[in-house]
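Everything on this sheet refers to the single structure shown next.
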Amino acid sequence: MSSNTQTASGLPQRYAAGSRDRQLVAALVRWYRRHRRDLPWRETSDPYAIWVSEIMLQQTRVTAALPYYVRFLAEFPDVDSLVRAKEAKLLEVWSGLGYYRRARQMQQAARVIAEQHDGAFPNTFEALLALPGVGPYTAAAIASIAFRRPHAVLDGNVIRVISRLVDEDGDVTRSEVKEALRLKAQSLGDTGAPRRFGEFNQAVMELGATLCVPRNPHCLVCPLASGCVAYKRGVQESRPVKPPKGRTLELEMVVAVVRRGSSLLMRQRPADEALMPGFWELPEEAAERLDENCLQDLGIQLVEELGRFRHGITFRSYRGRVYRARLAGSLPRGYDWIAAGHLDKIPLTTVTRKALKAKLRVQD
DNA sequence: AACACGTGGCG
DNA sequence: TCGCCAAGTGT
């Protein structure tokens, strides 16, 4: 499959491959070897460590993932330690990185590896794809980087680099267009050494992350410039083509700081909650419009505004206000008093971390 | 197929 | 400030 330039359905491939491509790929790999960033997951051949890095890098920048990667591997150095990890510890280590489902899925995958693969890391694209949290991108990345198998990755970087290279003008959110780009990436990688496909994949991604960036790409120093159709036509800034985004929904949010001595009123989100299960948070309410009575159902009366913050999730944008508040009735269901000194030992939602930070700013 | 999921950096 | 978007996956 890897060297097949036809689609499974027998459709003709969309972009031609030739000896020109081989030269471009060679130039790209030379550039990569010279300019690649020193990153810890590039210094290991341990499939487990490479898997951890690939999961963390999903929709996440290298600079954001870096400290988490180091901490995670120190805390959970192998499959076995991840299987045995306490959920609270896992979430604490992941807290702040985002997409928290990834952490739980990693533990599920670790269990699958321990139980169904006898602890040996799966080493084929198909077996990797079967792991929770591992999709086509991550399976191809691990297969090529850790196991030297010839599978092209398709991520945001590859989409950008290849769509510019061939001047793809179709909407890259469409699956047919993405598949055409993936096939082109595969055929490019197939012009090089099969067991170096991982290096090719990383070279394309590194190019996308550092030179072939969304705005103001550095085409003058790009190793692919001589073969880049979009650059030739001067339309590189207009590739890839994506549909316009819908408008974001503006919402208000109120967060209450209720103190008892040096403790704060907080609740742990239920384990079956869709959004950030198991995380701790201050009492909060969100709606289009909120007044000072908004937390009365919990018996909470707002006293004084302490600070403001903003928070956005997908298409929703929250304007948050933090209030000093007091508890009129008894302890609301699901709530507890948490010692302030304990806050750095439990996983907090980002809204709560932002609220506490906004409050500190005001009180300083 | 279209959405939801988090967060931070950049122009 | 604000929108874009980053080494995607699951539903």
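Every read-out reported here was derived from the displayed coordinates using simple, explicitly stated rules and does not represent laboratory data. Keep in mind that this is a model prediction, so the values were computed, not measured. Please note: Cβ atoms are built from the backbone with ideal geometry, for glycine as well, and neighbour counts cover all protein chains shown.
Springs between Cα atoms under 10 Å define the GNM used for chain A, and in it the highest mean-square fluctuation of A:Gly329, A:Gly307, A:Gly198 occurs at A:Gly329. Result for chain A in a Gaussian network model with C-alpha springs under 10 Å: among A:Thr350, A:Thr63, A:Thr124, the largest mean-square fluctuation is at A:Thr63. Each Lys and Arg adds +1 at its Cβ and each Asp and Glu adds -1 at its Cβ; summed about the Cα centre, chain A shows a dipole of about 1000 debye.
Beta bridges from DSSP with both residues in chain A: antiparallel share about 70 percent, rounded to the nearest 5. The chymotrypsin sites (Phe, Trp or Tyr not before Pro) of the range A:191-281 include none that DSSP puts in a loop with a beta carbon having at most 10 other beta carbons within 10 Å. If one takes the longest principal axis of the Cα atoms in chain A, at what angle in degrees, from 0 to 90 and to the nearest 10, does the Cα axis of helix A:197-210 lie? Here the helix axis deviates by roughly 60 degrees.
Sparsely packed loop sites in the range A:301-331 (the chymotrypsin sites (Phe, Trp or Tyr not before Pro) outside DSSP H, G, I, E and B with at most 14 other Cβ atoms within 10 Å) comprise A:Phe315.
For the range A:290-338, applying the loop criterion from DSSP together with a ceiling of 11 other beta carbons within 10 Å to the trypsin sites (Lys or Arg not before Pro) yields A:Arg333.
With the helix formula -39500 (n - 2.57) applied to DSSP H stretches of n ≥ 4, chain A reaches a computed 222 nm mean residue ellipticity of -12000 deg cm²/dmol.
Shape of the range A:249-358 from its Cα gyration tensor (a ≥ b ≥ c, root eigenvalues): rounded if a/c is under 1.5, otherwise prolate when a/b > b/c, or oblate?
Taking the square roots of the gyration eigenvalues as a ≥ b ≥ c, the range A:249-358 is rounded.
Of all the options A:Pro214, A:Pro240, A:Pro67, the one that moves most in a Gaussian network model of chain A with Cα springs shorter than 10 angstrom is A:Pro67.
Is the C-alpha gyration tensor of the range A:95-149 telling us rounded, prolate or oblate? Criteria: a/c under 1.5 is rounded; beyond that, a/b larger than b/c is prolate, otherwise oblate. Here the range A:95-149 falls in the oblate category. Principal-axis analysis of the Cα atoms of chain A puts helix A:62-75 at an angle of about 70° to the longest axis.
Of all lysines in the structure, those lying under 18 Å Cα to Cα from A:Lys178, and not within fewer than 8 positions of it along the same chain, are A:Lys242. Which lysines have a Cα less than 27 Å from the Cα of A:Lys345, not counting those fewer than 8 places away in the same chain? Cross-link targets: A:Lys86, A:Lys89, A:Lys354, A:Lys357, A:Lys359. With all pairs of separate Cα atoms included, chain A yields a Kirkwood hydrodynamic radius of 23.3 Å.
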